[in-house]
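The values are calculated or read from the model by the stated rules, or taken from the named source; none is laboratory data. Because the structure is predicted, anything quoted here is derived from the model rather than measured. All Cβ positions, even for glycine, are placed from backbone atoms using ideal geometry, and neighbour counts span all protein chains on display. What goes into the accessible areas is simple: the full protein's heavy atoms, side chains included, and nothing from ligands, DNA or RNA. Shrake-Rupley method; radii C 1.70, N 1.55, O 1.52, S 1.80 Å.
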Amino acid sequence: MQYRDARNGEKLSVLGYGCMRFSRKGGAVDIDKTEKEIMEAYNSGINYYDTAYIYPGSEAALGEILERNGIRDKVYIATKLPHFKVSSRKGIDKVFAEELSRLRTDHVDFYLMHHLSDIAQWDRLKDMGILDWIEEKKADGSIRNIGFSYHGNSDMFVKILNDYDWDFCQVQYNYLDENTQAGVIGVKAAAEKGIPVIIMEPLRGGKLANMLPEAARKVVAQNKRGWTPAQWGLRWLYNQKEVTVVLSGMNSMEMVKENVQTASDALPGHFTEEDHALIARIKAEFMAHEKVGCTGCRYCMPCPRGVDIPGIFRAWNMMYSESKFDGWRYYFQAVALTQEPSHAKMCIECGKCEKHCPQEIPIREMLKKADKDIRPFPINAVISVGRRVMMRSAAKKKNS
Ligand code: SF4
Ligand code: SF4
């Protein structure tokens, strides 16, 4: 196992155990099977275990397994505050106490604000007194490192990153998301601040492991490296020195062994030109099903009206290259349900963006098409309701 440095002296295994996908039996975590997999991981040098309050049964199962095997103090636990479930400092205390109890520990090594996608969510936590709360928990040793997990676009990521002296961050990052979510811009910005970057969804929920387009599968199978699609995905990440830990939601012995093997010899900078070319080929196969040839380079940004051009195109493309659900989910997170909306209807057709697009995309025309496709009536109705709820809770907060 290789280890990379965290901010406060910890040496983190480059492969982290994602505890969201533990095997289940009869509706509960299959504790015996999970224990064997975790112990295989532990004995192979994995020392970072990522769970969350909202992963059903996960914190309790992890706590039980670590205690049973007497290894709590030999590993780092990462868990998360579900900001969307709390509305007061009392609520934060209650969740945190429950987490410690489930995990059978008196401290959390890495604690994250779970699933931020907008600075408004962080501001809301600050209004509840989270800054003092963090100081107290760090002072009494019950939290060692504070960070956030993020789903949104790179501009918003950088805003949140710069708003607090974070110890670490966690982002969705893989070769398909190089220019979406926090993206390579976010990963580099965090690394420049000297904080560890934890990677989630390295294989896009398994898509890059077992759902490659047919032509891409053939290219991978014929390559002399002999790596599996999953290994290509992980190695693309390990090749980047800015990446600290790659989380993998492992739930079989084979998965643990294969990932450990990859993590043991994939060093930063180990990719050759040919390797990069192969990843480009796979991406091209995904893009062959896309609606617009946007690479997410962001040269067209910022739009004076606040339209998130690459975000809208990304969501539209995802609807066709991945699934409608994935596209809409991304659209809700990054465009529609942020504090400041950034949808295509806000475009005043000034044309400024088109002058900067290296792909020569007729952005104005494509935005109209994308908007029509992404926001048919039922989706638009869901967005309107979502925004009304958001505004009502913001107004309530202002008046309280
Ligand atoms: S044409 Fe529309 S999207 Fe492009 S910069 Fe102008 S307002 Fe923004
Ligand atoms: S400049 Fe063109 S390719 Fe780049 S993000 Fe904007 S629309 Fe996409």
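Tabulated data
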quantity	calculated
Separation of alpha-carbon centers, region 7-47 and region 312-385, rounded to whole Å	38 Å
Estimated FRET transfer efficiency when R0 is 35 angstrom, pair Lys11-Ala288 (beta carbons, to 0.05)	0.25
Difference of contour (0.36 nm per residue) and Cα-Cα distance, Arg89 to Ala28	18.9 nm
Chain lengthening between Gln359 and Tyr320 when straightened (0.36 nm per residue, less Cα-Cα)	12.1 nm
Ratio of Rg to Rh over the chain (Cα coordinates, Kirkwood Rh, two decimals)	0.96
Region 263-328, Cα convex hull volume normalised per residue, Å³	141 Å³
Helix-derived mean residue ellipticity, 222 nm - over the chain, DSSP H n ≥ 4, -39500 (n - 2.57), to 500	-14000 deg cm²/dmol
Unpartnered cysteines - no second Cys beta carbon under 4.7 Å - across the chain	Cys19, Cys169, Cys294, Cys297, Cys303, Cys347, Cys350, Cys357
Taking region 1-121 and dividing mean pair separation by its residue count, relative contact order in percent (alpha carbons under 8 Å, at least six apart)	22 percent
Set of lysines near Lys193 by C-alpha distance (under 19 Å), chain-local residues within fewer than 8 positions excluded	Lys11, Lys159, Lys241
Relative packing of peptides 306-319, 276-289 - highest average C-beta neighbours within 10 Å first	306-319, 276-289
Carbon and sulfur %, accessible surface of region 1-118 computed with the full protein complex present, 1.4 Å	48 percent
FRET efficiency for Val158 and Lys368, using Cβ-Cβ distance with R0 set to 30 Å, rounded to 0.05	0.55
Under Karplus coefficients 6.51, -1.76 and 1.60, residue-wise ³J(HN,Hα) of region 361-369 in Hz, glycine/proline x	7, x, 4, 4, 5, 5, 4, 5, 5
Cα shape, region 106-209, gyration tensor, a/c 1.5 rule	prolate
Solvent-accessible area per residue for region 113-250 (1.4 angstrom probe, square angstrom)	35 Å²
Amide proton proximity set for Leu81, modelled H, under 5 Å, gap of 5+	Leu112, Met113, His114
Apportionment of accessible area to carbon and sulfur, region 243-356, percent (1.4 Å)	55 percent
Label-point gap, in nm, between Tyr3 and His107 - each point 7 angstrom along Cα→Cβ	1.6 nm
Additional length obtainable on full extension of the chain from Glu192 to Lys126, 0.36 nm per residue less Cα span	21.3 nm
Separation of the Thr295 and Thr228 label points, Cα + 7 Å toward Cβ, nm	3.2 nm
Distance in nm between pseudo-label sites at Asn210 and Ile379 (7 Å out along the Cβ direction from Cα)	2.8 nm
Sites Leu267 and Ala221, calculated FRET efficiency, Cβ-Cβ separation with R0 25 Å, nearest 0.05	0.50
